Amino acid sequence: MCGIVGAVAKRNIVSILVNGLLRLEYRGYDSAGLVVVHDGKLDRVRSIGRVAELATKSANTYGELGIAHTRWATHGVPSERNAHPHISRDLIAVVHNGIIENYEELRTDLTEQGYEFTSDTDTEVIAHLIHSHYAQGSLLVATQMALSRLIGAYAIGVVAADNPHQLIAARKGSPLLLGVGEGEHFIASDMSALLQVTKNVVYLEEGDVVEVNLANYRIFDTQGISIQRPVNVSQLNNDSVELGEYQHYMQKEIHEQPQALADTLESVCNSQTMVPGIFGAEATAIFPQIDSILILACGTSHHAGMVARYWLEEIAGIQCTVEIASEYRYRASVANPNTLVVTISQSGETADTLAALNHAKVTGHLFTLAICNVPESAIIRQSKLRFLTRAGPEIGVASTKAFTTQLAALFLLTLVLAKLRGRIDPEREQQFLHELRHLPSAVKKVLALEPQIAELSRNFADKQHALFLGRGLHYPIALEGALKLKEISYIHAEAYPAGELKHGPLALVDKDMPVVSVAPNDMLLEKLKSNLQEVRARGGELYVFADANTHIKEAEGVHILQMPEHAGFLSPILHTIPLQLLAYYVALQKGTDVDKPRNLAKSVTVE
Ligand code: M6R
């Protein structure tokens, strides 16, 4: 989604801006732009499409102060005129992440004052608003006055043509950080954009406004009071993420799952017992107090939460609810102070999940745990307890290794709580630990099915729709399989608990409807088999991912993909892999942009 980079230095900062944007590319965008201040003028370059295009167009641009942006369209189509930075009367330039909710009203006011709008964006009102106050004060004061009129979410960077060594930045509801260099400073929406120049970072807090100069910076809180924020040293590393032998990041990331799982489980698998401390020092005191779990997340992370609900209730005997973050954040819910609120997020920056976390706190929840893949993300910083999945950078928009490592983390949470609540004895604990140690190699075995899945995928290339079925613990896996297929192949896919078929979706089944079923050898197998008969009887083509010994036979219209033996509670992790591969190979057949599917962004930092 949208990305911001800004710099003030005593050298040409154009390549810093462009390289920063390149590091943010994977988040998804449709246009890019930058502006530098040079010789008392704003020099702006914008382009639709890739940052590489912007790099070419700005090759001869020079400036020691500038801001840059990748845009993911919200207000107004992707186009050069809607790309940021937006400029007011050749004096003020602004880049913006987030959404200004009252922009129409502000636009009307500003039009009446004589401002002309050249884009369809909500951002342009910010540029004109700052301009309208600039004559009365400094750039800092003009920005603060403008911000006081905004309703919505923003992270912004601001420069003025007549102020060659200063940039102003502010955030509310969207992430932004300040990079501290020697005699130079930077801003960015994500630390990865700044690793090329510094590892010293100040994480701006909600409502902060910062005045950034060459030699120093000043931060002001929501009240306009000057405050200090700690300078942290980022632990991220700047290694470029190479594709290696793979054709796409998604394929690479699917294959990285054994290692990602081994890394995520490392601390536990190397020890003889599981302790609450793996979720943070305070977990030892907090966990005994909790009597229920509330999981908040979006998309794939929400599916991980849905699997966890089965584990938590069955193994740990603790009541668990799972809610989509964008719904929860607006619901007047009743808080139970003994609930552990668990947010799950790959990026740790998802706007709805972050807002849901804050909503939970405001509602009265005291205990928060983040399960997240990005160490320095907002969700991690704003939670009391944390567990870092160690999937490594996930570049493909379709989440794969983040999902399976989230499941591993949630399984650990289940076991720790189960132990605390006296639900598992030491023998069972050892058995679970054994299964976890074995998990990476079990995943490797499933990955070996890739050629067969590639072959199966051919049957999907000309299909418009697909149904996914699962039951119990594997229903969320069916949901995840359908999400993967729709987001990268653009085939309309829906998932149902197989028992629901005859309550409606069966009406859709005919010879043109492929039905994909997750078929673990568990206690619901016989029920599932009956559901599959219902499909076959209506001419539906079945693709069954069946564990060993399920005795589901290959026949006309019934394609079987033979999985290893049933893996018990960890089975959902194994059954995810072939569905990821299926989506990947169908997308290859369709020739879509696998890693950057249309209309989607990796990090959804706006509502
Ligand atoms: O970074 P998060 O895990 O918070 O992201 C949540 C969803 O946006 C994400 O899982 C999305 O659904 C993926 N594109 C699915 O592959």
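Candidates in the stretch 293-316 are the residues that are open to solvent by 30 Å² or more (accessible area, probe 1.4 Å) and more than 18 Å from Ile371 (Cα to Cα); of these, the one that is farthest from the ligand (Cβ to nearest atom) is Glu314. Considering only residues that are within 14 Å of the ligand (Cβ to nearest atom) and more than 15 Å from Ile324 (Cα to Cα), which ones fall in the stretch 349-369? Passing the criteria: only Glu349.
Go through the residues of the stretch 494-503 one by one and say whether even a single one is within 16 Å of the ligand (Cβ to nearest atom) and outside any helix (DSSP H, G or I).
So far as the stretch 494-503 goes, yes, one or more of its residues are within 16 Å of the ligand (Cβ to nearest atom) and outside any helix (DSSP H, G or I).
If you filter the stretch 273-292 down to residues that are among the hydroxyl-bearing types (Ser, Thr, Tyr) and open to solvent by 40 Å² or more (accessible area, probe 1.4 Å), you find that the one that is farthest from the ligand (Cβ to nearest atom) is Thr273.
Please verify whether Ser326 is assigned to a loop (DSSP other than H, G, I, E, B), at pLDDT 95 or above and within 13 Å of the ligand (Cβ to nearest atom), treating the condition exactly as stated. Here the answer is no, as Ser326 does not meet what is asked. When Ala398 is tested against (1) farther than 23 Å from Gly28 by Cβ; (2) within 16 Å of the ligand (Cβ to nearest atom), just one condition goes unmet, and that condition is (1). Among the residues here, Val334 does not qualify as away from the ligand (no atom under 15 Å from the Cβ), surrounded by fewer than 16 Cβ atoms within 10 Å (Cβ to Cβ) and outside any loop (DSSP other than H, G, I, E, B).
Among residues of the stretch 590-607 that are within 11 Å of the ligand (Cβ to nearest atom), those with a beta-carbon under 6 Å from a residue that is charged (D, E, K, R) at least six positions away or on a different chain give the pairs Pro597/Glu487; Ala601/Arg27; Lys602/Arg27; Ser603/Arg27; Ser603/Glu349; Thr605/Glu349.
Filtered by the rule that a residue be open to solvent by less than 10 Å² (accessible area, probe 1.4 Å), away from the ligand (no atom under 15 Å from the Cβ) and either more than 16 Å from Ala308 (Cα to Cα) or basic (Lys, Arg) (or both), the stretch 455-490 gives Ser457, Phe460, Ala466, Leu467, Leu469. Residues satisfying the criterion are absent from the stretch 511-519 (criterion: away from the ligand (no atom under 16 Å from the Cβ), assigned to a loop (DSSP other than H, G, I, E, B), of a type in the set (Asp, Glu) and in contact with a Gly (Cβ under 8 Å, 6 or more places away or on another chain)).
Within the stretch 34-60, restricting attention to residues that are open to solvent by less than 40 Å² (accessible area, probe 1.4 Å) and within 26 Å of the chain's Cα centre (by Cα), the residue that is farthest from Asp162 (Cα to Cα) is Gly49. Can you tell me how many residues in the stretch 331-342 are modelled with pLDDT of 95 or more and either closer than 20 Å to Lys172 by Cα or in contact with a Gly (Cβ under 8 Å, 6 or more places away or on another chain) (or both)? So the answer is 1. Candidates are the residues of the stretch 177-200 that are touching a residue at least 40 places away in the same chain (Cβ under 8 Å) and polar (S, T, N, Q); the one that is nearest to Val14 (Cα to Cα) is Gln196. Check the stretch 581-602 and report whether any residue there is at pLDDT below 90 and at positive phi. Looking through the stretch 581-602, at least one residue is at pLDDT below 90 and at positive phi. Within the stretch 379-397, the set of residues being farther than 19 Å from Ala281 by Cα and small (Gly, Ala, Ser) comprises Ala391, Gly392, Gly396. Kindly establish whether Glu541 is at pLDDT 90 or above and not basic (Lys, Arg). So Glu541 passes the test. A count restricted to the stretch 1-33 and to residues that are open to solvent by less than 20 Å² (accessible area, probe 1.4 Å) and either among the charged types (D, E, K, R) or part of a helix (DSSP H, G or I) (or both) stands at 8.
Going through the stretch 101-121 one residue at a time, which ones are part of a helix (DSSP H, G or I) and either among the aromatic types (Phe, Trp, Tyr) or loosely packed, with under 14 Cβ neighbours inside 10 Å (or both)?
Tyr103, Glu104, Glu105, Thr108, Thr111, Glu112
A quick yes/no check of all residues on (1) crowded, with 24+ Cβ neighbours inside 10 Å; (2) in contact with a strand residue (DSSP E or B) (Cβ under 6 Å, 6 or more places away or on another chain); (3) modelled with pLDDT of 95 or more:
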{"site": "Leu357", "(1), (2), (3)": "yes, yes, yes"}
{"site": "Cys372", "(1), (2), (3)": "yes, yes, yes"}
{"site": "Leu388", "(1), (2), (3)": "no, no, no"}
{"site": "Glu394", "(1), (2), (3)": "yes, no, no"}
{"site": "Phe403", "(1), (2), (3)": "yes, no, yes"}
{"site": "Thr414", "(1), (2), (3)": "yes, no, yes"}
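Considering the conditions (1) within 16 Å of the ligand (Cβ to nearest atom); (2) touching a strand residue (DSSP E or B) at 6+ places or on another chain (Cβ under 8 Å); (3) open to solvent by 50 Å² or more (accessible area, probe 1.4 Å), Leu582 is excluded by exactly one of them, (3).
The values are calculated or read from the model by the stated rules, or taken from the named source; none is laboratory data. Not measured: the values here are computed from a predicted model. All Cβ positions, even for glycine, are placed from backbone atoms using ideal geometry, and neighbour counts span all protein chains on display. Heads up: the accessible areas ignore ligands, DNA and RNA and are worked out on the full protein's heavy atoms, side chains in. Shrake-Rupley method; radii C 1.70, N 1.55, O 1.52, S 1.80 Å.
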